[in-house]
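So the structure is just underneath, and the comments pick up after that.
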Amino acid sequence: MAKTFRFRFSRHTAFLVLLALLAQGCTPSRIPVEALAPDQAACLTWYQKLDTLLAEHERFDPSAAKITGFPYLRADRFLASFRAQNLADAAYVEWLERMRQLDASLRLKESANLPPDAAKAVLAEAPLPGSLDQVLRQCGDRLVNSALHHPEYKPFLRQQVHVPDAYQSWQRVAGAYWLTQYPAKLALKNLHRKLAASFMRPPDALPVQGRLIRYAPAAGGFLTASEIAAMLRAAYQNPLGIPALSGEQLGRLLAHFAPIWEIDTRNDTDKIGAATLNEQGEPRIDIQHPIVYQKHAYTRRQGRILLQLIYQIWLPAREKTGLTDWYGGELDSVIWRITLSPEGVPIAYDSIHACGCYYLLFPGQGYRSISPKDGAEAVLSPKSIDPIPSGQRLLLRLESRTHYLQQTAAIAASDKTPATPYQVQAYDDLLSLPLPDGSRSSLFGADGIIAASARPERFLLWPFGVPSPGAMRQWGVHAIAFTGRRYFDDPFLFEHLITRE
């Protein structure tokens with residue numbers, strides 16, 4: 001009886017495998033050129049030429065993944081998270097359009113970083129007249145329409161939309177990760193104990209090594225809770241349920257929640273500034289112009305999509321204490337993020353340095369942090385943050401040299417402590433900065449890492465699979481755990497790290 005069962009099971013299994021192979025064989029790998037209208041085919045050819053040129057000059061931005069067979073689309077981790085959903089027609093159209101817009105925005109930066117003659121040549125071969133922005137929009141629209149008119153390609157497109165894992169598995173194998181993770185977790189526990197200690201004291205009781213310098217927004221007013229709620233309520237009215245806000249609305253929200261940065265300052269390496277490039281294309285921080293870089297992103301929690309507001313500062317260095325300092329080096333940067341409920345109330349605040357290091361989580365009112373269940377390293381959540389009273393701002397206190405976040409506090413409107421005004425700038429400006437000779441380049445390398453910021457710690461921490469641990473890197477490539485796998489832009493991060501009280 002058992003033998004008969006195994007025989008029937010194996011035949012049944014073989015039949016299913018055959019069906020799967022046949023289905024896979026019948027799934028088109030891409031829309032063939034002959035299936036396109038002449039204008040669409042010309043656009044596809046032009047995209048392929050542009051891709052070849054960008055590859056030759058290593059100008060591809062690594063923050064989003066290209067999609068095989070669909071060169072006019074790209075996906076970050078958030079957009080890739082829709083691939084598992086059975087999207088209705090209107091939602092599918094919007095998903096394609098958002099991936100097209102992401103590709104176009106990155107191509108504009110990438111193309112701006114090409115040698116001027118190369119950029120002019122590729123635009124001269126465009127199948128349509130107009131600026132690069134106009135050609136990308138019109139050609140992208142035509143190719144999206146071609147994809148929509150071939151529904152048989154939808155399964156293949158969904159299969160191709162994914163963001164590669166940034167962890168290097170071969171390093172973990174070569175470095176005996178299965179063994180080295182245990183001392184790493186012990187070291188992390190000790191680090192968490194050290195970082196948490198400062199949150200037990202109010203800001204004015206923390207030690208000061210130099211002098212405290214505050215940086216406050218130079219401009220920007222406050223919104224009422226009802227204004228924020230109304231703004232977001234209207235923004236959710238779209239097929240994907242993404243809070244889609246205008247640039248003006250995002251600017252008002254970013255201004256409303258903008259923090260005050262307070263840094264214990266011993267020398268110029270503790271001052272914030274504008275990211276620039278010198279004659280050799282090497283990064284420098286101009287501390288004469290304090291800048292906070294801003295962007296927005298999205299995350300998911302319990303079936304809803306939530307808006308995130310992001311603020312980033314850059315400093316000239318983490319000053320080294322000597323030859324045995326593994327963690328000091330050129331450039332430093334701290335990122336602060338606020339995640340809003342659909343009603344516009346912060347449910348969580350979190351922070352990293354731009355290396356992906358020193359992740360801190362601060363639940364909002366009504367939430368608490370929970371231990372991750374995926375086996376990855378523990379998360380330091382030293383406190384929750386209560387609602388900030390109307391007209392007040394959140395102060396972020398940073399330590400001298402290490403720039404560790406030491407404490408947060410609401411600053412009363414009556415507080416008269418002098419502050420240096422900072423200007424705000426779009427984070428995406430870092431993807432194409434001017435050089436003195438008139439050309440342009442990204443602050444980041446082709447791998448998303450700033451090579452000049454490499455730290456000696458990379459020789460110590462390489463077994464954990466994170467490329468160049470300690471080096472500053474761009475949005476989209478922030479691995480934030482040495483044990484396990486975890487990303488700062490994981491759209492399901494807060495499904496695993498916070499819960500309702």
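The values are calculated or read from the model by the stated rules, or taken from the named source; none is laboratory data. Computed from a predicted model, the values in this text were never measured in an experiment. So basically every Cβ, Gly included, is an ideal-geometry build from the backbone, and we count neighbours across all protein chains shown. For accessibility, only protein heavy atoms count, side chains too; no ligands or nucleic acids. Shrake-Rupley method; radii C 1.70, N 1.55, O 1.52, S 1.80 Å.
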Residue list for segment 161-218, restricted to those being outside any loop (DSSP other than H, G, I, E, B), β-branched (Val, Ile, Thr) and either within 26 Å of residue 265 (Cβ to Cβ) or touching a strand residue (DSSP E or B) at 6+ places or on another chain (Cβ under 8 Å) (or both): 213
Some residue of segment 294-301 being open to solvent by 50 Å² or more (accessible area, probe 1.4 Å), modelled with pLDDT of 95 or more, assigned to a strand (DSSP E or B) and within 30 Å of residue 226 (Cα to Cα): yes
Qualifying positions in segment 146-158 - free of Cβ contacts under 8 Å to residues at least 24 places away in the same chain and either closer than 30 Å to residue 480 by Cβ or not in a loop (DSSP other than H, G, I, E, B) (or both): 151
Segment 70-94 residues that are in a loop (DSSP other than H, G, I, E, B), paired with ones that are basic (Lys, Arg) and open to solvent by 10 Å² or more (accessible area, probe 1.4 Å) (beta carbon under 6 Å, 6 or more apart): 72/100; 73/100
Any hit, segment 124-145, residues being crowded, with 19+ Cβ neighbours inside 10 Å and within 30 Å of residue 468 (Cα to Cα): no
Matching residues in segment 221-232 - criterion: being surrounded by 14 or more Cβ atoms within 10 Å (Cβ to Cβ) and part of a loop (DSSP other than H, G, I, E, B): 222, 223
Failed item in (1) in contact (Cβ under 8 Å) with a residue 12 or more places away in the chain; (2) surrounded by fewer than 20 Cβ atoms within 10 Å (Cβ to Cβ); (3) not charged (D, E, K, R), with residue 493 passing the rest: (2)
Residue match in segment 100-109 (condition: among the aliphatic types (A, V, I, L, M), open to solvent by less than 60 Å² (accessible area, probe 1.4 Å), in contact with a helix residue (DSSP H, G or I) (Cβ under 8 Å, 6 or more places away or on another chain) and within 20 Å of residue 87 (Cα to Cα)): yes
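Table: residues versus (1) at pLDDT below 95; (2) out of contact with any Lys or Arg (no Cβ under 7 Å at 6 or more places or on another chain); (3) surrounded by fewer than 20 Cβ atoms within 10 Å (Cβ to Cβ).
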site	(1), (2), (3)
455	no, yes, no
465	yes, no, no
469	no, no, no
480	no, no, no
484	yes, yes, yes
489	no, no, no
Subset tally (residues that are part of a loop (DSSP other than H, G, I, E, B), open to solvent by 40 Å² or more (accessible area, probe 1.4 Å) and of a type in the set (A, V, I, L, M, F, W, C)) for segment 233-257: 1
Candidate set from segment 46-68 (those that are free of Cβ contacts under 8 Å to residues at least 40 places away in the same chain and surrounded by 14 or more Cβ atoms within 10 Å (Cβ to Cβ)); member that is farthest from residue 119 (Cα to Cα): 66
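Find the residue count for segment 117-137, including only residues that are part of a loop (DSSP other than H, G, I, E, B) and either charged (D, E, K, R) or in contact (Cβ under 8 Å) with a residue 60 or more places away in the chain (or both).
So the answer is 4.
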Selection within segment 67-91 - among the charged types (D, E, K, R) and within 16 Å of the chain's Cα centre (by Cα): 74, 76, 77
Qualifying residue in segment 450-471 (condition: outside any loop (DSSP other than H, G, I, E, B), at negative phi and touching a Ser or Thr at 6+ places or on another chain (Cβ under 6 Å)): yes
Segment 110-156: number of residues that are touching a Ser or Thr at 6+ places or on another chain (Cβ under 6 Å) and of a type outside the set (A, V, I, L, M): 3
Set 285, 347, 370: member being surrounded by 17 or more Cβ atoms within 10 Å (Cβ to Cβ), in contact (Cβ under 8 Å) with a residue 60 or more places away in the chain, out of contact with any Cys (no Cβ under 7 Å at 6 or more places or on another chain) and not aromatic (Phe, Trp, Tyr): 347
Residue count, segment 329-343 (criterion: buried (at least 19 other Cβ atoms within 10 Å of the Cβ), under 21 Å from the mean Cα position of the chain (by Cα) and not hydrophobic (A, V, I, L, M, F, W, C)): 4
